[in-house]
């Protein structure tokens, strides 16, 4: 039987939040990237042995819009409150791209809550000598080639014909991303100074062909994190979980969560 996500509804400081959950066992909380259009089917293998928890960021996906949750710091505080409501005391935290940035910022603020940290092609670390294109400035027709090594993989998640609902949803999420980046468009230049606080086992998972966040960034993350390993996936672009069928299992293998 195919597992399906269930929706849970919360309200955090006035913002409606939708959280997807599936499975039973040790919790893996996954913070998504800037676009929710690929969905989260790639994470379903985790639910065979664990409880997977995927909250939609404020201003993204099924969650409500918020004038309070704007910057990355706002998102971190928002998740502190949400996880308190959900009574998540100790859990495994994973984050992809923008969600990886939020996860890293959460980890340096509340390290005691995390059993492990998994960062999948995370944004947020500013390394001036490594050029990073601005997602908000990319022409739409070039987007698939930036998201995946094989552009047809990314294109499979996009509508083949004009879809006003899809465009409205994506436009809303890009506005949410623009707000999150408004204070620090390239990332947090001070983040590297505080990563030493994230002493939990940390796993960096990256596509070798990532054009948005080049894999050269992985070594810098590892340099500043006290207990991190790096896992590189060949023929894989930015959408690591969606493009590489082995990525989800790799994350599970790294976490080494015993059966409940």
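Restricting to the range 206-232, what's the tally of residues that are surrounded by 22 or more Cβ atoms within 10 Å (Cβ to Cβ) and touching a helix residue (DSSP H, G or I) at 6+ places or on another chain (Cβ under 6 Å)?
Qualifying residue count for the region: 3.
Return the pair list, or none, for Cβ contacts closer than 8 Å from residues in the range 103-129 that are on the phi > 0 side of the Ramachandran plot to residues that are part of a strand (DSSP E or B) and crowded, with 18+ Cβ neighbours inside 10 Å, at least 6 apart or on different chains.
If the second residue must be part of a strand (DSSP E or B) and crowded, with 18+ Cβ neighbours inside 10 Å, the pairs left are 121/96; 121/205; 121/206; 121/207; 124/188.
Given (1) surrounded by 12 or more Cβ atoms within 10 Å (Cβ to Cβ); (2) more than 18 Å from the chain's Cα centre (by Cα); (3) at pLDDT below 95, where does residue 153 come up short, assuming only one miss?
Residue 153 satisfies all of (1) surrounded by 12 or more Cβ atoms within 10 Å (Cβ to Cβ); (2) more than 18 Å from the chain's Cα centre (by Cα); (3) at pLDDT below 95 except (3).
Among the residues of the range 21-43, which ones are within 17 Å of the chain's Cα centre (by Cα), free of Cβ contacts under 8 Å to residues at least 60 places away in the same chain and more than 20 Å from residue 166 (Cα to Cα)?
21
Residues of the range 118-170 being over 23 Å from residue 189 (Cα atoms) and in contact with a strand residue (DSSP E or B) (Cβ under 8 Å, 6 or more places away or on another chain), which ones?
Hit for the range 118-170 is 149, nothing else.
Give the number of residues within the range 139-150 that are at pLDDT below 90 and surrounded by 15 or more Cβ atoms within 10 Å (Cβ to Cβ).
0
Consider only pairs whose beta carbons are under 8 Å apart and that are at least six residues apart or on different chains; among these, list those whose first residue lies in the range 196-216 and is without any contact (Cβ under 8 Å) to a residue 24 or more places away in the chain and on the phi < 0 side of the Ramachandran plot and whose second residue is surrounded by fewer than 17 Cβ atoms within 10 Å (Cβ to Cβ) and assigned to a strand (DSSP E or B).
215/232
Of the residues that make up the range 100-118, is at least one part of a loop (DSSP other than H, G, I, E, B) and surrounded by fewer than 24 Cβ atoms within 10 Å (Cβ to Cβ)?
Yes - at least one qualifying residue is present in the range 100-118.
Being crowded, with 21+ Cβ neighbours inside 10 Å and either touching a helix residue (DSSP H, G or I) at 6+ places or on another chain (Cβ under 6 Å) or more than 24 Å from residue 254 (Cβ to Cβ) (or both) is the filter here, so list the residues in the range 4-22 that pass it.
Of everything in the range 4-22, those that are crowded, with 21+ Cβ neighbours inside 10 Å and either touching a helix residue (DSSP H, G or I) at 6+ places or on another chain (Cβ under 6 Å) or more than 24 Å from residue 254 (Cβ to Cβ) (or both) turn out to be 12, 17.
Hey, among 94, 123, which residue is part of a loop (DSSP other than H, G, I, E, B) and crowded, with 18+ Cβ neighbours inside 10 Å?
That would be 123, the only listed residue that is part of a loop (DSSP other than H, G, I, E, B) and crowded, with 18+ Cβ neighbours inside 10 Å.
Which one is farthest from residue 190 (Cα to Cα) among residues in the range 79-90 that are surrounded by 19 or more Cβ atoms within 10 Å (Cβ to Cβ) and in contact with a helix residue (DSSP H, G or I) (Cβ under 9 Å, 6 or more places away or on another chain)?
If we take residues in the range 79-90 being surrounded by 19 or more Cβ atoms within 10 Å (Cβ to Cβ) and in contact with a helix residue (DSSP H, G or I) (Cβ under 9 Å, 6 or more places away or on another chain), then 83 is farthest from residue 190 (Cα to Cα).
Could you list, in sequence order, the residues of the range 69-87 that are under 23 Å from residue 39 (Cβ atoms) and in contact (Cβ under 8 Å) with a residue 60 or more places away in the chain?
75, 78, 82, 86
The values are calculated or read from the model by the stated rules, or taken from the named source; none is laboratory data. None of the values given here were measured: they were computed from a predicted structure. Glycine gets a Cβ as well: all are built from the backbone with ideal geometry, and neighbour counts include every protein chain shown.
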